[in-house]
Amino acid sequence: MIGQVKYSWINFRRSFTTSLTQYANLILSYILVGISINSISITKAIFEGNVSYRIQQSYLIFSIVSTILSLFLAIIVTRKTVRQIFNHQIKDIALMKNVGSKTKWIYSYILFYHILVGVISFVIGLFLSAIILLIILYIFKMGSYGNQIKFLPAFLICGSIILLHYLVTHNEILRILNENNLEISSKGLKNYKSIFEFDELFKKIKPARKFGLKAFLRSGEIRSTFFFIFLISTASIIFLFSTINIGNTFMYSYTEQFGKYEYLIGKENVVNFFENNIGYSEYNYSDLFTEKSSLNSDFINNLKENNVVYDIIFLNKRKVSEINVTIPDTVNLEQYKTVGKERSLNITIIGYINETIFLDRLIEGVKPNMEKNEIVISQSVNKMLLDDYTLEFLQIRGLKERYRVTGIVNENFANGYTIYIPMRKLRENLLTSNGNCILIKSVKSDIISKIYTNADESNYRVAEIKKIVEKKKKELWNVINLVNSIYGVLFVITLTRFLAFGILLVNENSDDIKLMYKIGIKKKILRNCMLNDMSLNTIPGFVLSFLFGLVIIKYFIVENTVTKLLGIKITLLCLSNFLITFLGIIIGVNEIIKKQ
């Protein structure tokens with residue numbers, strides 16, 4: 001036993017540099033899995049409570065999809081890499097059998113060698129994934145989230161890949177040891193067919209196409225290769241475009257909600273409340289803002305006289321409670337069930353006069369009747385407070401009535417923890433007579449100085465919303481770009497898969513390439529031969545990944561996504577992936593020819 005372990009270690013050190021591509025594949029797989037697993041906890045910590053529920057969910061779904069893709073990729077790459085390493089060990093196994101080594105000794109030696117390869121790759125990959133994440137976090141000045149890097153989940157999942165590595169190794173050893181003709185086994189085919197057969201079938205096809213088609217048909221792994229290309233192409237599409245698309249959608253809705261206004265006017269504390277509740281900021285669940293205040297009527301009349309276009313709102317933050325309801329059980333009509341858990345939460349109240357302030361962001365339900373006790377709420381409130389908004393009611397502290405929810409809006413203000421209530425209901429409950437905040441949409445340049453003067457006389461503060469929004473957008477982009485960078489690393493790793501696949505494809509046909517080069521066939525023709533083989537192996541996977549990636553990004557990862565030329569962008573990425581694979585073909589062919 002000690003001899004096998006020692007010999008495995010010697011062989012590992014000897015072959016590490018010569019077989020660096022195979023080991024790099026395994027290490028990159030563990031880096032991919034390590035980063036994607038930890039990205040779930042990191043993105044959850046970064047966004048939970050700091051942005052709206054919609055954005056939180058989009059990033060959470062995306063990180064889970066990315067982890068599943070990474071795991072599948074790691075499994076397939078492990079299987080392919082193990083088989084590729086075996087192809088390099090065939091001569092050693094044949095030599096050991098010829099000199100009379102026992103099958104048990106050969107089995108132990110090969111098994112220890114592959115376990116050594118798997119464990120070392122696992123340790124290096126996991127260590128590098130943690131370092132990469134820490135570097136990215138510190139670059140974006142968010143190193144405090146480094147405590148979200150958890151080794152145990154990554155260790156357990158990567159441990160399952162190690163187990164797979166063992167099972168594949170075990171089966172490959174038994175298969176090879178049971179073969180009488182090891183040269184045939186080295187090709188991974190029980191019935192090896194020369195590249196120069198099938199002449200009658202392919203005699204009308206050009207030589208390069210003939211080679212490519214025959215190599216494709218005799219590979220023995222058409223389905224697994226198709227699935228592999230589909231997965232890495234889909235992963236590259238999702239890693240690159242999902243985070244960018246989520247960020248762009250978020251920024252678009254953020255700009256649409258606040259960018260249409262130029263100025264904000266109100267008391268100092270009201271303006272401060274507004275500034276503190278837009279952008280990327282932690283939502284304070286315990287804080288309240290219950291001041292009963294109203295705007296100066298003379299100030300509002302002055303705006304009307306100067307034809308200023310504006311909206312008046314009322315900003316407050318009050319305790320909101322869920323009122324559960326009892327309804328007949330749909331299964332047993334003689335019994336009743338309770339919907340709701342009587343939860344409560346401090347929610348930002350936005351009183352409105354004109355429903356257009358939220359109408360273009362209504363994503364579910366219908367607009368409320370302003371004459372009745374009806375309101376609309378945000379997605380975050382719906383998620384945190386209600387089980388079924390169509391049945392339950394809400395009670396707002398300071399207001400006598402209970403309110404029925406008629407719809408849900410896409411909301412960014414106060415991290416989406418908002419309720420829109422008609423201003424007349426606030427008047428009836430003596431909270432305000434005409435609101436406490438003015439949002440100016442458009443104003444002539446010669447009028448703005450008068451507005452500043454009148455605001456000073458009324459002890460109001462005038463703030464430029466554009467400046468506030470731009471400042472907050474920088475904070476948002478910093479967080480979004482941090483996540484983009486994490487998945488950018490995963491994207492780069494997937495690109496290396498295409499390069500490695502091209503090299504691997506050449507290595508699988510190395511004997512035929514060597515033979516054709518020796519009989520005088522030019523390098524360019526050899527490349528064309530492999531290009532045809534590569535095209536047959538990759539194009540079907542690229543086409544399906546294009547369709548799958550487009551659907552996943554547009555309809556699954558983020559709702560109401562902003563997609564500008566997404567189909568063209570994905571097409572260009574698939575083309576780039578094809579060219580990178582061809583670059584691997586060129587590198588592989590050149591390496592084989594150099595050794596001749």
* Kindly list, by first and then second residue, each pair from a residue in segment 403-430 that is at positive phi to a residue that is of a type in the set (Ser, Thr, Tyr) and surrounded by 21 or more Cβ atoms within 10 Å (Cβ to Cβ), limited to pairs with Cβ atoms under 7 Å and residues at least 6 apart or on different chains. => 414/348; 415/52; 415/380; 416/52; 416/53; 416/378; 416/380
* Qualifying position, being within 30 Å of residue 504 (Cα to Cα), under 35 Å from the mean Cα position of the chain (by Cα) and modelled with pLDDT of 80 or more, among 36, 41 -> 36
* Structure fact -> Picked from segment 124-158 (must be β-branched (Val, Ile, Thr) and surrounded by 14 or more Cβ atoms within 10 Å (Cβ to Cβ)), the residue farthest from the chain's Cα centre (by Cα) is 124
* Near pairs, Cβ below 6 angstrom, 6+ apart or cross-chain, from segment 120-146 (assigned by TED's automatic domain parsing to the domain that holds residue 46) to any residue that is surrounded by 15 or more Cβ atoms within 10 Å (Cβ to Cβ) and in a loop (DSSP other than H, G, I, E, B) -> 130/149; 133/149
* Considering only segment 462-480, how many residues are buried (at least 17 other Cβ atoms within 10 Å of the Cβ) and charged (D, E, K, R)? -> 2
* **Residues of segment 563-596 satisfying the condition of being β-branched (Val, Ile, Thr) and in a helix (DSSP H, G or I)** => 568, 570, 571, 580, 581, 585, 586, 587, 589, 592, 593
* Just one of (1) outside the structural domain of residue 349 (by TED's automatic domain parsing); (2) out of contact with any helix residue (DSSP H, G or I) (no Cβ under 6 Å at 6 or more places or on another chain) trips up residue 231, so point out which. => (2)
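So that you can scan it fast, the table gives a plain yes or no per residue for (1) in contact with a Gly (Cβ under 7 Å, 6 or more places away or on another chain); (2) among the basic types (Lys, Arg):
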position: 494; (1), (2): no, no
position: 497; (1), (2): no, yes
position: 501; (1), (2): yes, no
position: 509; (1), (2): no, no
position: 512; (1), (2): no, no
position: 515; (1), (2): no, no
position: 520; (1), (2): no, no
position: 524; (1), (2): no, yes
position: 533; (1), (2): yes, no
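The values are calculated or read from the model by the stated rules, or taken from the named source; none is laboratory data. Here the structure is a predicted model, which means the values were calculated and not measured. Positions of Cβ are backbone-derived with ideal geometry, glycine not excepted, and every protein chain shown enters the neighbour counts.
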